[in-house]
Amino acid sequence: VMEFGGGPDASQEAATHAYQLALGVSVAAGALQIGLALVRSGILSELFPLTVVHGMLAAIGVIIMSKQVHLLLGVKPHAKEPLELIAEIPKSVMNMNPEIALIGLSNLVILFLWPLIKNPNIRRIPGQLIVVLLGIPMAYYFDLDHQHSYTFVGKSYEVGSQFLVNVPASIVQAVTFPDFSSLATLTGWKWVFMFMAIGTLETLLSAKAVDLLDPQRRKSDLNRDLLAVGIGNTLAAFVGGLPMISEIVRSKANLDNGAKSRFSNMFHGIFLLLFVA
């Protein structure tokens, strides 16, 4: 998006157009993934040893944490790259917003301690659900819906809706259509192949990782998995969606709660759609 002119200093119109150009790239990348699946390229995953899968999973974890720790503390980091974000953590700790940090840290403690509870009836309740049930009232208590300032230990802090997820009033408002003129540029095709290559490898390796977690040790049809992701990417990009890959976290959540079949993934997606809608 930034290479298409949608940087932080761009106007709203320029940023929207840059995003539409990126969507055109996503459609083309999805179409290439469909093509790879049809020529049965799933076998590519066999070229990568398990150490690569473990390395990828660890890297994804580090990248997610490096980004989220700043949000948890209520600080907007200046850095963009993972190593720079990690280096900026001490600064964010020193400049944390106490109310936001209290919400984030208290919920994080729950997530860490919940698996240690011995009572099987209580353990049946997901820790993430407790976080939601606690986090929402805390957000209301601190009145995050309305912009205001408060003082803590002699220092003033700002809180407001910038700390809440910005969900459109309706899904229809979020629909954005692609602009395929990006495919007439070298920059566009560079990103088509980047999206296609990275998305394909992550999808195949993620599927292999989930196979390792399956108690029944079943093996995924990697070509079908790649076909599904390609179709999903193509359709999603037509209505404004970002590129996707196969998800380990979702599958792990399903497995942890006794799921046996692919229907669990379908219902998982349906429930997410209903909650967002």
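What's the carbon and sulfur percent of the range 205-277's accessible surface, probe 1.4 angstrom, rounded to a whole number?
67
By its C-alpha gyration tensor, with a ≥ b ≥ c as the square roots of the eigenvalues, how is the range 120-277 shaped: rounded for a/c under 1.5, else prolate for a/b larger than b/c, else oblate?
oblate
Per residue, how many Å² of accessible area does the range 139-273 show with a 1.4 Å probe?
65
Compare Lys208, Lys76 by solvent-accessible area with a 1.4 Å probe and give them largest first, with all protein chains kept in place.
Working: Lys208 35, Lys76 175 Å².
In descending accessible area the options line up as Lys76, Lys208.
In a shell of Cβ-Cβ distance under 12 Å around Met94, excluding Met94 itself, what net charge do Lys and Arg (+1) and Asp and Glu (-1) give? Show your work: numbers first, answer last.
Numbers: positive: Lys91, Lys155; negative: Glu88.
Its environment carries a net charge of +1.
Whose amide H sits under 5 Å from the amide H of Thr176, counting only residues 5 or more places off or on another chain, with H placed in the peptide plane?
Gly240
For the range 128-188, what class follows from the C-alpha gyration tensor (a ≥ b ≥ c being the square roots of its eigenvalues): rounded when a/c is under 1.5, otherwise prolate if a/b is larger than b/c, else oblate?
prolate
Between the range 27-50 and the range 126-159, what's the alpha-carbon centroid distance in Å?
One Cα centre to the other: 44 Å.
Express the accessible area of the range 1-129 per residue in Å², computed with a 1.4 Å probe while the remaining protein chains stay in the model.
63
Find the relative contact order for the chain and round it to a whole percent, using C-alpha pairs within less than 8 Å whose residues are 6+ positions apart.
Details: 301 pairs, mean separation 82.5, N = 277.
This gives 30 percent for the chain.
Out of the total accessible area of the range 15-164 (probe 1.4 Å, heavy atoms of protein only), what percent is carbon and sulfur?
Values: 6650 of 9450 Å².
C and S fraction of accessible area: 70 percent.
Roughly how far apart, in whole Å, are the Cα centres of the range 52-111 and the range 213-277?
26
What Kirkwood hydrodynamic radius do you get for the range 140-221 when you take the inverse of the mean 1/r over all pairs of distinct Cα atoms, in Å? Walk me through the intermediate numbers first.
Details: mean 1/r = 0.0540 Å⁻¹.
For the range 140-221, inverting the mean 1/r across all distinct Cα pairs yields 18.5 Å.
From the square roots a ≥ b ≥ c of the eigenvalues of the alpha-carbon gyration tensor of the chain, which class results: rounded (a/c under 1.5), prolate (a/b over b/c), or oblate?
Cα axes put the chain in the oblate bin.
Name all residues of the range 157-177 having a backbone nitrogen under 15 Å from the label point set 7 Å from the Cα of His148 along its Cα→Cβ direction, giving them as ranges.
157-162
Only helical DSSP H runs with n ≥ 4 go in: add -39500 (n - 2.57) per run for the chain, normalise by residue count and round the 222 nm mean residue ellipticity to 500 deg cm²/dmol. Display every interim value, and only then the final one.
Working: 12 runs with 169 residues, N = 277.
Counting only the DSSP helices, I get -19500 deg cm²/dmol.
When only Cα pairs under 8 Å and 6 or more residues apart are kept, what is the percent relative contact order across the range 120-276?
Details: 102 pairs, mean separation 27.3, N = 157.
For the range 120-276, the relative contact order is 17 percent.
The values are calculated or read from the model by the stated rules, or taken from the named source; none is laboratory data. Source: prediction; values computed, not measured. Neighbour counts are summed over all protein chains in view; Cβ atoms, including those assigned to glycine, are modelled from backbone coordinates with ideal geometry. Ligands, DNA and RNA are excluded from the accessible area calculation, which covers all protein heavy atoms including side chains. Shrake-Rupley method; radii C 1.70, N 1.55, O 1.52, S 1.80 Å.
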